[in-house]
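A short write-up of the structure that comes next.
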Amino acid sequence: MNWGFIGFGRIARKFLTSLESVQGETPYAFASRSNAVELKKEFSDVKVYDSYEALFADPDIDIVYISTTHNFHCQNVIDALSAGKHVLCEKPMGVSSDEIRKMTEVTKGTSKFLMEAMWMRFLPAYREAIRRAKSGEIGEIQYITASFGFNSPNLKPEGRLLNPDLAGGALYDVGVYPLTIVSDIFGWQPDSFQAQAVLSETGIDQSIQVQLSYKGGEMAQVFGSIAMNTNKEACIYGSEGFIKLPLFWKAQEFEIHKGDNIEKVELPFKSTGYAHEIEEVVKCIKEGKTESPLFTLNDSLMSANLVESILSSIFNQS
Ligand SMILES: NC(=O)c1ccc[n+]([C@@H]2O[C@H](COP(=O)([O-])OP(=O)(O)OC[C@H]3O[C@@H](n4cnc5c(N)ncnc54)[C@H](OP(=O)(O)O)[C@@H]3O)[C@@H](O)[C@H]2O)c1
């Protein structure tokens, strides 16, 4: 397939390396509103557009990869689908459940494929760790912790992470990964939750913690931050042991701890890691599917619902 990229920033470059590693998939065109002139010089064998509309209008593009800032995703997805393209959109695909409903409505009127790029779900190490956790190997799962915090020095108030107009904030940017690993074990709907956040001067959640409780008595503790480095680890605790996933959202290994016994499992990802989600997209489209069974549009809706509830609990408190 011929791929068109919308928004060509930091993640697009890493995604490009993975795309180039998948046979039969071609980076065909990039659209950048801010950097088209430079991109034309850098990528002489790729078409470069200075507007997203021009890329959507290119009949040779089969699929659009969207990596703009969070606030633009919904409109970009709708425009790409309406132009007859398949779509893979970076996380979070929508900043509200209403946005996900709108995109789902549009995609249902087409025969086109749409998926949120929750790449973690497609990684071999991550999938195997979840499979083994669910197999009963560590007994009954009772508790999960997952933390993803990083500190980028010199973040600008107008930049995508701190700017509320660009839907900045830790939960949208990194918190969706810990919430997804918890959902993979306990489901998307906690019985109750409590959330606290430290807000930035710009008014977004720069650090956020959420404690979730589930009907069967299970619990989870989730943390996300764009203001501090954390251990960036997830742990799934069962009655007979625990599974530890270092760097769980880009997992390449995990450990199963049972008493004094530690089993280490290594399952490296291909290229820069995004090849697995790309292969899933290609497989689904070849099979005529309009969504992936591994991360469905309902997953996007449930994720957006949970994020929305958490953020409204924070911003209604403050
Ligand atoms: N899957 C992953 O591992 C991963 C990792 C990091 C980020 N992400 C996600 O990928 C997306 C982009 O993240 P990124 O780190 O690549 O972002 P970025 O480099 O800061 O920006 C990406 C693009 O967004 C547009 N943009 C940035 N700031 C803007 C502004 N102030 N006004 C209008 N447009 C602006 C620009 O598009 P133009 O090129 O058109 O100017 C830019 O090239 C987000 O959804 C993020 O959550 C995913």
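Listing for the model above:
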item	result
The range 56-92-the range 237-283 distance, computed between alpha-carbon centres (Å)	30 Å
Accessible area expressed per residue, the chain, with surrounding protein chains retained (probe 1.4 Å, Å²)	44 Å²
Per residue, the convex hull volume that the Cα atoms of the chain enclose (Å³)	132 Å³
The range 2-152: radius of gyration and largest Cα-Cα distance (Dmax), Å	17.8, 57
Distant-in-sequence amide H partners of Q142 (H built 1.01 Å from N, under 5 Å)	Y237, G238, S239
Carbon + sulfur, % of accessible area of the chain - ligands and nucleic acids excluded, 1.4 Å	48 percent
Label-point gap, in nm, between I262 and F315 - each point 7 angstrom along Cα→Cβ	4.3 nm
Long pairs among K85/K108; K85/K112; K91/K156; K112/K286; K102/K286, criterion Cα-Cα beyond 18 Å	K91/K156; K102/K286
For peptides 216-228, 262-274, sequence by mean Cβ density within 10 Å, most packed first	216-228, 262-274
Cross-link reach list, aspartates and glutamates versus K232, counting only Cα pairs under 15 Å and skipping chain neighbours closer than eight places	D173, E253, E255
Sequence-distant aspartates and glutamates (8 or more away, or on other chains) whose Cα lies within less than 19 Å of K47	E20, E25, E38, D58, D60, D62
Sorted peptide list for 118-128, 85-95, criterion being average Cβ within 10 angstrom, highest first	85-95, 118-128
Backbone HN-Hα couplings from phi across the range 307-314 [Karplus 6.51/-1.76/1.60, Hz, Gly and Pro as x]	4, 4, 5, 5, 5, 5, 5, 5
N2-T296 FRET efficiency (beta carbon distance; Förster radius 25 Å; 0.05 resolution)	0.50
Antiparallel %, DSSP beta bridges [both residues in the chain], to 5	60 percent
Under-5 Å amide H pairs with V64, H placed in peptide plane, nonlocal only	G4, H86, V87, L88
MRE, 222 nm, helices only [DSSP H, n ≥ 4, -39500 (n - 2.57), over the chain, to nearest 500]	-9500 deg cm²/dmol
Packing rank of 73-79, 160-166, where each peptide gets the mean count of other beta carbons within 10 Å, highest leading	73-79, 160-166
Vicinal HN-Hα couplings computed from phi for the range 243-256 (Karplus, 6.51 cos²θ - 1.76 cosθ + 1.60; Hz; Gly/Pro x)	10, 10, 10, x, 6, 4, 6, 10, 4, 10, 7, 7, 10, 10
Separation between Cα centres of the range 212-227 and the range 285-318, rounded to whole Å	17 Å
Listed residues K244, K134, K41, most fluctuating in the chain (Gaussian network, C-alpha, under 10 Å)	K41
Residues listed by number, the range 286-317, amide nitrogen under 12 Å from K108 label point at 7 Å toward C-beta	298
Net length gained if the chain between D50 and Q196 were fully extended (0.36 nm per residue, minus Cα distance)	48.5 nm
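The values are calculated or read from the model by the stated rules, or taken from the named source; none is laboratory data. As the structure is a computational prediction, the values presented were derived from the model and not from experiment. Please note: Cβ atoms are built from the backbone with ideal geometry, for glycine as well, and neighbour counts cover all protein chains shown. The accessibility values were calculated without ligands, DNA or RNA, using every heavy atom of the protein model including side chains. Shrake-Rupley method; radii C 1.70, N 1.55, O 1.52, S 1.80 Å.
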